[in-house]
Amino acid sequence: MKYKRLEATIYGRVQGVGFRYFVEVKAEENNIKGWVANQWDGTVKVVAEGREEDMELFLKALWQGPRLAYVEDVRYSITDIENVSFTSFDIRFGE
């Protein structure tokens, strides 16, 4: 089974609109482990791990965002990994 690690920064109106909660729900729906956090520059950072096919669906959800958000850009990198190192998906504060 192929696993992927995603590191993404989401730009736009993504703070104060339920974006972190939206990401957490989408991660749980797609069996993705990792974390999401607001950044001081107004972006949202996501570090996520999961199966390749699940990660594709999760990444599509990041581009959409919740109803009140406006995603201008998602800058990301995806790397191959042997195993998932996270045991859950968490909302972090002040990363």
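Could you tell me whether any residue of segment 12-23 is assigned to a strand (DSSP E or B) and either within 17 Å of T87 (Cα to Cα) or not hydrophobic (A, V, I, L, M, F, W, C) (or both)? Before you say what the answer is, go through the steps one by one.
Looking only at segment 12-23, we keep the residues that are assigned to a strand (DSSP E or B), and these are 12-13.
Pick out the ones that are also either within 17 Å of T87 (Cα to Cα) or not hydrophobic (A, V, I, L, M, F, W, C) (or both) and you get 12-13.
There is at least one residue in segment 12-23 that is assigned to a strand (DSSP E or B) and either within 17 Å of T87 (Cα to Cα) or not hydrophobic (A, V, I, L, M, F, W, C) (or both).
Name the one entry in E82, E72, E53 that is over 11 Å from the mean Cα position of the chain (by Cα) and without any contact (Cβ under 8 Å) to a residue 12 or more places away in the chain. Working first, answer last.
Values: E82 fails: without any contact (Cβ under 8 Å) to a residue 12 or more places away in the chain; E72 fails: without any contact (Cβ under 8 Å) to a residue 12 or more places away in the chain.
E53 is the lone residue from the list that is over 11 Å from the mean Cα position of the chain (by Cα) and without any contact (Cβ under 8 Å) to a residue 12 or more places away in the chain.
Would you say L62 is of a type in the set (A, V, I, L, M) and without any contact (Cβ under 8 Å) to a residue 40 or more places away in the chain?
Numbers: of a type in the set (A, V, I, L, M): yes; without any contact (Cβ under 8 Å) to a residue 40 or more places away in the chain: no.
In short, no.
Restricting to segment 4-28, name every residue that is surrounded by fewer than 20 Cβ atoms within 10 Å (Cβ to Cβ) and either β-branched (V, I, T) or without any contact (Cβ under 8 Å) to a residue 24 or more places away in the chain (or both).
Hits for segment 4-28 are T9, G16, V17, V25.
With respect to V36, is the statement that it is part of a strand (DSSP E or B) and within 23 Å of N83 (Cα to Cα) true? Full working, then the answer.
Working: part of a strand (DSSP E or B): yes; within 23 Å of N83 (Cα to Cα): yes.
So V36 passes the test.
Could you please give the count of residues in segment 1-49 that are under 11 Å from the mean Cα position of the chain (by Cα) and on the phi > 0 side of the Ramachandran plot?
Adding up the residues that qualify gives 1.
Please indicate, with yes or no, whether at least one residue in segment 49-60 is closer than 19 Å to F93 by Cβ and not β-branched (V, I, T). Break it down stepwise before answering.
Initially, segment 49-60 is screened for residues closer than 19 Å to F93 by Cβ, giving none.
The answer is no; no qualifying residue exists.
Take E28 and decide whether it is outside any strand (DSSP E or B) and at pLDDT 95 or above.
On the way: outside any strand (DSSP E or B): yes; at pLDDT 95 or above: yes.
It is true that E28 is outside any strand (DSSP E or B) and at pLDDT 95 or above.
Looking only at segment 29-54, which residues are surrounded by fewer than 16 Cβ atoms within 10 Å (Cβ to Cβ) and among the polar types (S, T, N, Q)?
Once the filter is applied, which keeps residues that are surrounded by fewer than 16 Cβ atoms within 10 Å (Cβ to Cβ) and among the polar types (S, T, N, Q), segment 29-54 yields N31, Q39.
Just for segment 69-95: of the residues that are closer than 17 Å to V25 by Cα and modelled with pLDDT of 95 or more, which one is surrounded by the most Cβ atoms within 10 Å (Cβ to Cβ)?
Here the answer is F89.
The values are calculated or read from the model by the stated rules, or taken from the named source; none is laboratory data. Just so it is clear, the model here is predicted, and its values are computed rather than measured. As a convention, Cβ positions derive from the backbone with ideal geometry for all residues, glycine included, and neighbour counts pool all protein chains shown.
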